[in-house]
Amino acid sequence: MKGKKLLSLILAIVMIMSFTIGCSTAELGLYKMINEMKQLTKYEQSGEIEINISVDELATSEMNIGELITMQKIEAFLGENNIAYLSEWDLDEQQGSLILMLKNKDNQETTDFFTLIYNQETIYIDIEQLFSFAQIFMDEETFSEDDMNMVKEIFEGTQYLSIDLKDIEEMLIYDMQDPEQVDVLMKYYDPVKAKTTQKYFDDFIDGLIKNVYDNYSMDIVEGGNNKYTVTFDLEDLAIVLISLIEYSVDNIEELSMYVKDYIDATDDEVINDLSILLEEDPVYLKEQIKGTMDMMVVEVTTNEEMIKEDLREFRAEVAGPEYKDILNNFNTMVAFEKLEDESYQTSLQTSFRYVDQFTQQEMFNVEFKIDQTLVPLQSVTVNVPTDNVMTLEQLRTIIDEIESAQNTEKSLVLTLEQGQAIVDGSPMILDVPPFMRNGRTLVPFRFIGEQLGASIDWNATDRSVSYITQDTEITLYIDSTKAIIDGEEITLDTPPILKDGRTVVPVRFISEALGFSVDWLPDVRQITITGSAGPVNSN
């Protein structure tokens, strides 16, 4: 690793960690309270999340119909519901549970929509609840009736999906292609080792406060006697960042000495894990870090006045009119309180307004609020499901069988201006009947893709639709004759368009590009598509 790369890493780590420190009376009191909360090993967490979004009509005018419908669904959902949660954890016994609930704002009734149970090395997820909740946001453009029927078939008779640590490890290895790095990450699923790692982090912060930042204050924390508030907007955060850098510059030698001493005292296993994640030789990593800290001292002391001048200019810009209104439109207040019964209450309120600088019209406003209670427990009981449980391995087997069954001869018959297709001899209703445009027949894009064994994707940013199989990837763009097949651009005779709120595409082009044969019977104005539909590409 080059010195500058390691320097950037060290600075980033120190800066992120240092935002948790400050040595005013209130800051130290809050830091102590947070540490008390982190030390709990048996506890109950309960709370409620409220999100309100309002978007001006002008801001929605540039959305396509799909984006607009999704935005309206989200606004309506958040207008009617809060999200409540209840969890219990026993870190010593490696077990716990989490329940997420919809809470109706009018009648305060709650409905569970997500349940997770953790026991030793296995996670259980309530699939029935999850799918019921997901259907709130589903429509034919995102999840067809065929998709839903397939999901029901896969999970018939199943309530819980179980995932163990071995499953997670296999997924990480597949994704990262580096078993050593995965082995390091998997250590943090072990509560004992994770707690040891957390202690290294906490000890590092404690040392920073005592040895380096003992005279530093963020000036955004108020309170005392087990009751504290942190209030800030983006301008305040920028000022905190500037003051933190200024303090670090003034105390760069103390900071460097502390980091080097801490690295020297760090356990070899931690250094070895870090070297694997950084792809470095563990034998030299300690010396590299210490050398980089020495280099940082030289860089900062040599350019101290220039750095401070840049910080003064940055401070002036932040306080100036160009950015002040924007920065002040983001506001956050966090309150912490320890009650007499030894429980802890936390409240977070955040709001963000975007106002057009030219018209001074509010384009959108987001308000976010969380109220949480943390209660120490003497014991935690977790009911581990034993019936109607499907393992991840069983799920993979079922999906493989379905994909294999899909690898069969397919036959589709479409008739112009008729809202019914014949698929493998069975009738199927179409959202939009096939129709002729510029001498080409257009059909609903989701229908033709799914029936021909392709997974489909919609990109709202560039208004593109994609078909993906194991062998082919096709991308088309709404109202454009441009198309891309396996990276090669071609020109269409007729572009995809929106009709009655649905995307339609040229059927012959899609069918033939996916390897199917297309026959046109002009006397009956009928199209017949035949061929072998392979398994859907799941990537």
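Quick one: Debye curve from the alpha-carbon atoms of the range 407-533 only, equal weights, vacuum; give me log10 I(q)/I(0) at q = 0.14 Å⁻¹ to two decimals. For the range 407-533 at q = 0.14 Å⁻¹, log10 I(q)/I(0) is -0.55. Helix 304-319 and the longest principal axis of the Cα set of the chain meet at an angle near 60°.
Per residue, the Cα convex hull of the range 312-398 amounts to 295 Å³.
Remind me, relative contact order of the chain in percent, using alpha carbon pairs under 8 angstrom and six or more residues apart? Working shown, then result.
On the way: 850 pairs, mean separation 79.6, N = 539.
For the chain, the relative contact order is 15 percent.
Could you give the angle, 0 to 90 degrees to the nearest 10, between helix 65-80's Cα long axis and the longest principal axis of the Cα atoms of the chain? Helix 65-80 sits at roughly 50 degrees to that axis.
Which of TYR200, VAL151, GLN177 sits closest to the plus end of the dipole of the range 149-210, meaning its Cα is farthest towards the positive end, when Lys and Arg get +1 and Asp and Glu get -1 on the C-beta? Positive-most Cα among the choices belongs to TYR200.
Take every Cα pair under 8 Å whose residues are at least 6 apart in sequence, average their separation, divide by the length of the range 327-479, and the relative contact order is 9 percent.
When the chain is described by a simple charge dipole with +1 on each Lys and Arg Cβ and -1 on each Asp and Glu Cβ, the residue from LEU374, MET306, ILE271 located farthest towards its positive end is MET306. Note on the chain: Rg/Rh from C-alpha atoms, Kirkwood Rh, equals 1.02. Put simply, when 522-529, 315-322 are sorted by average Cβ atoms within 10 angstrom per residue, most first, you get 522-529, 315-322. Each helix, a run of at least 4 DSSP H residues, gives -39500 (n - 2.57); summed and divided by the residues of the chain, these come to -13000 deg cm²/dmol at 222 nm.
If the only charges are +1 at each Lys and Arg Cβ and -1 at each Asp and Glu Cβ, what is the size of the charge dipole of the range 407-533 around the Cα centre, to the nearest 20 debye? Don't skip to the answer; put the middle values down first.
Numbers: 10 positive and 18 negative charges, 82 e Å.
Magnitude of the dipole: close to 400 debye.
Between the listed residues ILE326, THR397, THR415, the Cα displaced farthest toward the positive end of the dipole of the chain, a dipole computed from Cβ unit charges relative to the Cα centre, is found at THR415.
Taking a threshold of 26 Å on the Cα-Cα distance, which of the pairs LYS324/LYS369; LYS73/LYS499; LYS103/LYS199; LYS73/LYS103; LYS103/LYS166; LYS42/LYS152 fall above it? Mind showing how you got there, number by number?
Working: LYS324/LYS369 24 Å; LYS73/LYS499 21 Å; LYS103/LYS199 37 Å; LYS73/LYS103 17 Å; LYS103/LYS166 35 Å; LYS42/LYS152 37 Å.
With Cα atoms farther than 26 Å apart: LYS103/LYS199; LYS103/LYS166; LYS42/LYS152.
Computed packing ranks the peptides 175-184, 506-515, 463-472 as 506-515, 463-472, 175-184, most packed first, by mean other Cβ atoms within 10 Å.
Every number here is computed from the coordinates shown, using simple stated rules; none is lab data. Owing to the predicted nature of the structure, the values given are computational and were not obtained by experimental measurement. Every residue, glycine as well, gets a Cβ built from its backbone with ideal geometry; the counts of neighbours run over all protein chains shown.
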